[in-house]
Amino acid sequence: MIKVLSVCGLGQGTSLILKMNVEQALTEKGIQADVEHMDVSTASSMSADYIITSNELAEGLEGHSAKLIIVNNYFDLDEINQAIDNHIVEN
Amino acid sequence: MRFLEKGLVKVGAKAADAEDAIKQAGVLLADAKTVEDVYIDAMVQSFQENGPYFVLAPHIAIPHARPEDGVKEASVSLLQLKEPITFGHSSNDPVQLIFGLGASSSEEHIDLLKKLTQLLNKEENVNQLRTAASYHDIKTIIEMEENK
């Protein structure tokens, strides 16, 4: 099972929206994943396989050991699907 | 849980800039008594500290703060602008729909975000919300989505 963090500024609202759509996309692809939502500073000190966030917050996560995936439109399931196809390969 | 009820929605509003729009979306929540007045300041402060990352999609911003910043009830307001404004986001400006989120730590918060996500995942809903001329129009869009 892969571990994915969805990250926003506060870890309360927008990261939860992203988590919902990422979980939906992963489930449809049959990829087993544990998706957790949180703020940037919590994510910085947590290990994971992938971090999904916006371009605006990615800078604060540079150097993290997880692979960083940028999503610009949180409500565009096509973009989220594409981002997952481009970055996440099921092991 | 209060989701885009009549008192929480303002159609055809004007805003001078991003901060003004965030405040107005917050005032809608405060007037409906779902958040304390201090929550509005916390929303603006989050924008100042964390930037416009909450402009989640083209035309759409979802400003909010933390549950402990004065949320009384899980709630979502909507400020629909007559003229869109810029928030300084790299790909999703300009913004026309500002959804003020009263973020609670309850189970209702998750239900509320599910409803909002379901509504905004469809581009045609977003376009209709942008062009809605009255609360009646907005209510129709929400009800059609809920009854699907």
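The values are calculated or read from the model by the stated rules, or taken from the named source; none is laboratory data. Computed from a prediction, not measured in an experiment: that's the story for all the values here. Heads up, the Cβs are rebuilt from the backbone with ideal geometry, glycines too, and the neighbour counts pull from every protein chain shown. These accessible areas exclude ligands, DNA and RNA; they are computed on the full protein's heavy atoms, side chains included. Shrake-Rupley method; radii C 1.70, N 1.55, O 1.52, S 1.80 Å.
Can you give me the number of residues within the range B:1-40 that are part of a helix (DSSP H, G or I) and among the hydroxyl-bearing types (Ser, Thr, Tyr)?
Residues flagged as part of a helix (DSSP H, G or I) and among the hydroxyl-bearing types (Ser, Thr, Tyr) within the range B:1-40 amount to 1.
Identify all residues within the range B:72-98 that are among the β-branched types (Val, Ile, Thr) and over 9 Å from the mean Cα position of the chain (by Cα); write none if there are none.
B:85, B:86, B:95
Restricting to the range B:41-64, name every residue that is of a type in the set (A, V, I, L, M) and either free of Cβ contacts under 8 Å to residues at least 24 places away in the same chain or assigned to a loop (DSSP other than H, G, I, E, B) (or both).
Once the filter is applied, which keeps residues that are of a type in the set (A, V, I, L, M) and either free of Cβ contacts under 8 Å to residues at least 24 places away in the same chain or assigned to a loop (DSSP other than H, G, I, E, B) (or both), the range B:41-64 yields B:55, B:56, B:62.
For the subset of the range A:75-91 comprising residues that are surrounded by 13 or more Cβ atoms within 10 Å (Cβ to Cβ) and outside any loop (DSSP other than H, G, I, E, B), which member is farthest from the other protein chains (Cβ to nearest Cβ)?
Checking each candidate, the answer is A:87.
Just name the residue that is surrounded by the most Cβ atoms within 10 Å (Cβ to Cβ) out of those in the range B:89-98 that are more than 9 Å from chain A (Cβ to nearest Cβ) and not aliphatic (A, V, I, L, M).
Applying the filter and picking the extreme gives B:96.
Working carefully through the options B:141, B:110, find the one that is within 9 Å of another protein chain (Cβ to nearest Cβ), touching a Leu at 6+ places or on another chain (Cβ under 8 Å) and assigned to a helix (DSSP H, G or I).
B:110
Are any of the residues in the range B:57-66 within 13 Å of another protein chain (Cβ to nearest Cβ), at pLDDT 95 or above and open to solvent by 20 Å² or more (accessible area, probe 1.4 Å)?
Yes, that holds for at least one residue.
Where residues in the range B:99-138 are more than 15 Å from the chain's Cα centre (by Cα) and open to solvent by 80 Å² or more (accessible area, probe 1.4 Å), which of them is nearest to residue B:57 (Cα to Cα)?
B:123
Could you tell me which numbered condition residue B:147 fails, if it satisfies all but one of (1) surrounded by 15 or more Cβ atoms within 10 Å (Cβ to Cβ); (2) free of Cβ contacts under 8 Å to residues at least 40 places away in the same chain?
For residue B:147, the exception is condition (1).
Against the condition more than 21 Å from residue B:29 (Cα to Cα) and charged (D, E, K, R), how does residue B:73 come out, does it pass?
no
Of the conditions (1) over 24 Å from residue B:102 (Cβ atoms); (2) within 13 Å of chain B (Cβ to nearest Cβ); (3) among the polar types (S, T, N, Q), residue A:6 satisfies every one except a single condition; which number is it?
Residue A:6 satisfies all of (1) over 24 Å from residue B:102 (Cβ atoms); (2) within 13 Å of chain B (Cβ to nearest Cβ); (3) among the polar types (S, T, N, Q) except (1).
Kindly indicate whether residue A:7 is farther than 17 Å from residue B:51 by Cβ, surrounded by 19 or more Cβ atoms within 10 Å (Cβ to Cβ) and touching a strand residue (DSSP E or B) at 6+ places or on another chain (Cβ under 7 Å).
Against the criterion (farther than 17 Å from residue B:51 by Cβ, surrounded by 19 or more Cβ atoms within 10 Å (Cβ to Cβ) and touching a strand residue (DSSP E or B) at 6+ places or on another chain (Cβ under 7 Å)), residue A:7 does not qualify.
Please tell me if residue A:15 is under 20 Å from residue B:46 (Cβ atoms), within 14 Å of another protein chain (Cβ to nearest Cβ) and either assigned to a helix (DSSP H, G or I) or open to solvent by 60 Å² or more (accessible area, probe 1.4 Å) (or both).
yes
Answer yes or no as to whether residue B:37 is open to solvent by 10 Å² or more (accessible area, probe 1.4 Å), more than 9 Å from every other protein chain (Cβ to nearest Cβ) and without any contact (Cβ under 8 Å) to a residue 24 or more places away in the chain.
Here the answer is no, as residue B:37 does not meet what is asked.
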